[in-house]
Amino acid sequence: SSIRGSNSEDFGPPGFGQVFHFQFQLKISIMFMLRCGLVLILQALLQPAHGYAWMAKIKAPSLMNLRKMQKGSKFGDKKIVVITGTSSGLGKAATKALLRAGDYHVVGAVRDLEKMKIVAELEGFDMDRFTPMYLDLASFESVHNFAKDLDKFRGDRPVDRLVCNAAVYQPTLSYPKWTVDGHEQQLQINYLSQFLLTSKVMPMMTESDDARVCMIGSVTGNDNTVGGGGVYPIADLKELDGLELGCQKPIAMMDGYNFNGAKMYKDTKLALMMTSNMLHERFHRSTGISFSSIYPGCIAESPLFREKRPWFRKYFPIFMKYITGGYVGEEEAGTRLFQVLHDPKCTKSGVYWSWNGGPREGRGVEAMEKGGQIVGAGGAGGGWESIYENDQSDKVHNKDMMLKLWQCTNEITGAEWPKAYQAKSPCPTLKVVGAATQILGIMEERARMKASRDGEGAKIVGNRTLPKEERRQQLEKMLLALDQTPTDPAKLEEDLLRTAGFVPDSVVSAADLPTEIAATDCDEEDEEGEIVTFEIPEIDDPDREPPQMIAGHEQLGDTPVVFQPQNVMTMARAGQPLSEVASQADVFIRYKCKKGKCKTCSVNINGKWVCACQTKIPPQAAGERFEVKVRPVSDDHKTQEKAAFFTPKSFADGVVNNGLGVVGFVKEAFGADPDFKARMEREKLVEEMLAKARRSSTSSTSVGPSPSSLRGTPHGSGQIHEIREVAPREVDADSREGRSQFAVAGVAATAAFVLALIHHFQGA
């Protein structure tokens, strides 16, 4: 450049050098813009769906964005997860797993904030990473208010996960209960409000790099399985006459026929799975959000069955363990939901996730040694590595019905959104059970349909050429004649108390409640039992290869954990329960009491036997591994030749297996009282603590519904729990100065970048 500058007069008249430099810079700039344009065009041609998707996320600096950035900083690097129904059951267990991971901030959407506070204290939730927020799914207004508060609360951060989990189950009522919006309670809570909530939260998720929406389905909504297709009533939306006509009182069912509480629950699960598929087809490519549904297994001890009689709640878990093999504990189901929200391989959209193998808890050592041989209804059992993409029924994949469901639900909820044939399962068990129950199911369903479609009014309802209002009036008239709502106030109050989930005094009285819930130390000896000792597994094989990391587990934690004699290695987090890590590595450990007393789950660590259910992964020095020696189980079943279906050997094996199951059922049924009473005491304790908190409250606002109220009065619509309440901050002088400094820094950085480009081109 010095030579050119010193002899510029030799190249032309005065000023020629400056003109030359200007023309050179102009040509370089034009070439640069053309190349950038060519790259954008090629990207759009090669990926038409995503070519310009990234440009939608570019936002100009604004005062609102700066305020959001200040508010959002409280989350650090945590992902935001929204789960409906976190005060009990699957939602509570999944929240515990997410908080243990340390990577998430969980927003628990619940109707009863006081109950959620008590449960969070009992379960030891980290309140710095858990925020309870008010949401009553029995009210569309409450859904709108929740969405507004969530948008304020998240600040600049996107919502990364949405789990539509909350549900009610009312199979024993012969009459429907109604919400404030005039819809049947199960219909609105399980489906309509979850549909509306998804439409409100989705726009908050589009900026996330790994956004996932998960709908909790059910085997009962999938009629290509034994649990869904072999037990009456069967999930079936028919022609959606009821939903098309508004599904408001007295029209309870989506199919427009007479009310059936058990069928309504199954229909809502079918509708949720269809909605998940529709969301995938409509929005996955344009938003990048992954939509999926899951069946975590039959959580037989869940409060979802609180409406059932005490004898059912006592024996149903045992039946699912020993007869169907579909039993799954709350903790295991919570781990499965956590996996779908956390595991990188679960980012695939449009999937119905299930787990292979039998249940990992409470089934007995025989089932564990055979890899959990009984496959639960719809694929209930199995560990972390046994997850698979399950098939859905023809009803779930019915494109025409899916579109009609979508249109009718949008019309009812007012949801606003951003602008199948499936082969039946060849399972012979399903065919046998289906053939045995088909006649009974047909008779029951015909009786229900005939009762709802008898007389001249049925012709009017079925005549689709008549106006909707006329058909609706006739349908209301027929259903009101069939309404079984009791007129006796005492009977109505009794039903409401029972369906609200209160533990009957005949099962557990207040005097039976423990004064406190104490944690059990694994090292404490069982006062009534003997000390159990085991032999250390023989694993010192000099020819054994070094343990290999399970594929895809490298990012699951920072501590390598090796299980012997399986010789497998996975990554875990410091403080993660060993039982969870074993499930993650698909290593079978037998559990029984899960309190550290029975010693059934004993494993050997550094020559000492400890209980896996009470042990957590300790921090390890760099380069060291945490080694666990597990009592080996027989794997002879893997090499045994399996009998073909419908052969004499297959029938013989079935008779033997079912016989063993019946024996196990009878044996455990006689000893079911202590476990059942412990579960009821836990639920009763929450009720007593909640009642005490409400009695001592001096707040003028009602903090909870009376037992006889329909769904309770709002705790202040959209209210956020005081522990995590975030109100918009006043713009003071310091904040204005901070924003000014930020703006000046941004302008300076932009100017420096432009000058650097000019200097680069001049040098060229």
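The values are calculated or read from the model by the stated rules, or taken from the named source; none is laboratory data. Since the model is a prediction, treat every value here as computed from it, not as a measurement. Positions of Cβ are generated from backbone atoms using ideal geometry, with glycine treated the same way; all protein chains shown enter the neighbour counts. With ligands, DNA and RNA removed, areas are computed over all heavy atoms of the protein, side chains included. Shrake-Rupley method; radii C 1.70, N 1.55, O 1.52, S 1.80 Å.
Here are a few things to note about the model shown:
- Verdict on ARG157 being touching a Gly at 6+ places or on another chain (Cβ under 6 Å) and open to solvent by 10 Å² or more (accessible area, probe 1.4 Å): yes
- Selection of region 182-208 for residues being under 20 Å from GLY155 (Cβ atoms) and part of a loop (DSSP other than H, G, I, E, B) yields MET205, THR206, GLU207, SER208.
- A search for C-beta distances below 9 Å between a residue of region 336-353 that is among the aliphatic types (A, V, I, L, M) and any residue that is open to solvent by 10 Å² or more (accessible area, probe 1.4 Å) and assigned to a helix (DSSP H, G or I), counting only pairs 6+ apart in sequence or on different chains, returns LEU337/LEU90; VAL351/HIS280.
- All conditions but one from (1) closer than 24 Å to TRP178 by Cβ; (2) open to solvent by 50 Å² or more (accessible area, probe 1.4 Å); (3) at pLDDT below 80 apply to GLY457; the one that does not is (2).
- Any hit, region 98-113, residues being open to solvent by 20 Å² or more (accessible area, probe 1.4 Å) and assigned to a helix (DSSP H, G or I): yes
- Condition check for VAL396: modelled with pLDDT of 90 or more, assigned to a loop (DSSP other than H, G, I, E, B) and of a type in the set (Val, Ile, Thr): yes
- Number of residues in region 587-602 that are crowded, with 20+ Cβ neighbours inside 10 Å and touching a helix residue (DSSP H, G or I) at 6+ places or on another chain (Cβ under 7 Å): the value is 6.
- Test: THR268 is assigned to a helix (DSSP H, G or I), out of contact with any strand residue (DSSP E or B) (no Cβ under 9 Å at 6 or more places or on another chain), of a type in the set (S, T, N, Q) and open to solvent by less than 10 Å² (accessible area, probe 1.4 Å): yes
- Scan of region 150-181 for residues that are assigned to a loop (DSSP other than H, G, I, E, B), of a type in the set (D, E, K, R) and at pLDDT below 95, ordered by number: ASP156, ARG157, LYS177
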